[in-house]
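Asker: Submitted below is the structure of interest, expressed as structure tokens.
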Amino acid sequence: MFNRSRRTLARWFTLSMGSILVLFAGVIYYQRAGDRLEEIDRLLYKKARVMVANIDYRLRQGQDEIDLSSVPILGNYSPPVDSNIIYARWYSATGKLRQFYGSSPPAEIQVEAAFETIQSSVEWHRQLTLPVEQNHRTIGYLQIAIPLTEAQETLRGLLMVMVMAVPLTLGVISLTGWFLSGLAMRPIRHAYLQLQRFTSDASHELRAPLAVILSNAQVGLLSPVADGKPKHSRLEKIAATTKSMNQIVTDLLFLARQSEPLTAASMSAVNVNNLLKETIAAPSIQPFIQHLTLHLELPEAPVAVQGNSDLLRQAIINLLTNAGKYTLEPGTIWVRLIPQPHHCLIQVEDTGIGIPESDLPHIFERFYRVNEERTRETGGSGLGLAIAQQIVAAQGGQLTVRSQLGQGSLFQIDLLLW
């Protein structure tokens, strides 16, 4: 599915960028062709003006006398070697051919004033028909032409470069599209795999308590009515399992609802010193730390951060509960508050069993358990650290961990000061 989506993204990227490239190349080619033709027209007009300037015109007794003997190419002068003029023609004011140089022209003029591209069997050439005026009246028409061979070769070379460059560029675009689509699909793939794993884990975590509830309920129903003790024991198991399942559902709902960063309206100044004092005295964590030695290290000056006190308390409770579950008696837990210039650090360190290095990148994942046997003994759901990390991230902070197997772990919350 992901490879197909990646190919589709790469294909559409290549198609869109390739279309833009081909369109751009076409615009460049036609722009270059237009500029080259404009240069030729200016050159052609300049040559025509030079020839017109050498026409000797006189009006005698109401008759036009035109002498072309001094006109380059048409007159008595040989055409320059670099003139590259194919032909030159002079037509009278009535459009009759009077004099010409080059190939034999039609006897009458075809157009009165225009630039034209003429395609012959030999070559293409550009023709200019220029009306010549004296005393505000037309005395004749000068028609000259130069070849387009040089311009065609230039454009042909440009076209060959484009024909070679465009496919190569399309290949680079295709590879780039494949690479970028891979980058775009990476977070989607990661999210999809997380969703699959979460669905699988949630299904397992919810199915197992339900199976226990069902089996205990069925056994309890089969027990004799007079035998109250076994029935009472079965009911206690049902209640404990239901409580565990209820906690899992509560944690899942919490993770779903707190997935976005907190708004400014839900955050305020939190006195971390008082928050930590209240947290370590909370009844909910006493069963997990009562067999351990707890040290609270606070600075003399109060430290305030911007956050939500209830959520921060929940995150710290989760860290303390986790430390208590995985620290054997007699063990020690340190809770420290360390102020920094622009932020503060809340540390929860224990002398517990530690976390293997291979498991450290995964401990904040939902339902991930490092020690399955220990987790079954303590009744953990694998959601506490995920909830703590999500709470800290929602308040713009960062939760990190350092651990050595057999020596303990240190969880650290980094929050900005108020």
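Asker: Simple spin-label model, 7 Å along Cα-to-Cβ: SER70 to THR8 in nm?
Answerer: The modelled label-to-label distance comes out at 8.0 nm.
Asker: Report the dimensions of segment 1-131 along its three principal axes from the alpha-carbon atoms, largest first, rounded to Å.
Answerer: Largest to smallest, the principal-axis extents are 94, 30, 27 Å.
Asker: Say each of ILE188 and LEU410 gets a label point 7 Å from the Cα, pointing the same way as Cα to Cβ; how far apart are those two points in nm?
Answerer: Output for this residue pair reads 4.2 nm.
Asker: Moving on. Spelling out what I want: for every residue of segment 184-194, take phi, set θ = phi - 60°, compute 6.51 cos²θ - 1.76 cosθ + 1.60 (Karplus), and round to whole Hz; glycine and proline get x.
Answerer: Coupling constants for segment 184-194: 5, 7, 4, x, 5, 4, 4, 5, 5, 5, 5 Hz.
Asker: While we're on this one: What is the Cα centroid distance between segment 1-65 and segment 116-167, reported in whole angstrom?
Answerer: 12 Å
Asker: Please find the FRET efficiency linking THR176 to LYS237, where r is the Cβ-Cβ separation and R0 is fixed at 60 Å, and quote it to the nearest 0.05.
Answerer: 0.50
Asker: At 0.36 nm per residue, minus the direct Cα-Cα distance, what do GLN286 and ARG49 gain on full extension? Give it in nm, one decimal, please.
Answerer: My answer for the length gained is 74.7 nm.
Asker: Calculate the FRET efficiency for LEU23 and ALA264 from the Cβ-Cβ distance with a Förster distance of 56 Å, rounded to the nearest 0.05.
Answerer: That pair, LEU23 with ALA264, gives E of 0.75.
Asker: Any idea how far apart ILE338 and GLN119 come out in nm if each label point goes 7 Å out from Cα toward Cβ?
Answerer: About 8.2 nm, to one decimal.
Asker: So, counting K/R as plus one and D/E as minus one, what does the shell of residues with Cβ under 12 Å around PRO131 add up to?
Answerer: -1
Asker: Can you tell me how much longer the chain between GLU297 and PHE100 gets when fully stretched, taken as 0.36 nm per residue apart minus their C-alpha distance, in nm with one decimal?
Answerer: 60.0 nm
Asker: Could you report the accessible area of LEU23 in Å², rounded to 10, computed with a 1.4 Å probe on the protein chains as they sit in the structure?
Answerer: 120 Å²
The values are calculated or read from the model by the stated rules, or taken from the named source; none is laboratory data. Since we're looking at a predicted model, the values are computed, not measured. All Cβ positions, glycine included, derive from the backbone under ideal geometry; neighbour counts span all protein chains shown. Quick note on the areas: whole protein, heavy atoms, side chains included, nothing else; ligands and nucleic acids left out. Shrake-Rupley method; radii C 1.70, N 1.55, O 1.52, S 1.80 Å.
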